[in-house]
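The structure under discussion appears below in the form of structure tokens.
Nothing in this text is a laboratory measurement; each read-out follows from the coordinates by a stated rule. Bear in mind that the values here come from a model prediction, so they are computed numbers and not experimental data. Ideal geometry is used to build each Cβ from the backbone, glycine not excepted, and the neighbour counts take in all protein chains shown.
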Amino acid sequence: MQETDQYYTEIRPKTDKFCNEIATLRSSKDISLGDQIIKHVDEYTNIINELISKVEDISSKVGALEDFKTKKQESEQKSRRKEWTLVIIGGIIGAVALALCEWIVSSFSKKT
């Protein structure tokens, strides 16, 4: 599904990148560098705005992911039902075949 592929190829790597950028900013901040503080705040603001954009993007895809999850569960249930149906039919056919074999063997043993 496109949404899950996009999570692993785009969203997750960018989130990790944002975390690293924030950690770098935090470790390099120094109150004594007065004019650098504004630069750091601007960088934080840019990162936060990108994160907000990603959160909005993810939020818009939640519905599609829920639909995918529901369809997958329904498909799995249908598959399980089909497997059980085949097992039951196989059991019935096996029981009928066994009964038929016993009937044939008992019919021939009575004649001999």
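Candidates Ala99, Ser79, Ser28 compared by Cα position along the dipole of the chain: farthest toward the positive end lies Ala99, with charges placed on Cβ. Against the main long axis of the alpha-carbon atoms of the chain, helix 12-28 sits at an angle near 30°. Relative to the dominant Cα principal axis of the chain, helix 34-111 is inclined by about 0°. Measuring max minus min along each principal axis, the C-alpha atoms of the chain give extents of 112, 26, 16 Å (largest first).
Considering only Lys69, Lys54, Lys82, the mean-square fluctuation computed in a Gaussian network model of the chain, springs between alpha carbons under 10 angstrom, is largest for Lys82.
Non-local lysine pairs in the range 2-111, meaning eight or more places apart or on different chains, with alpha-carbon distances under 13 Å, amount to 4.
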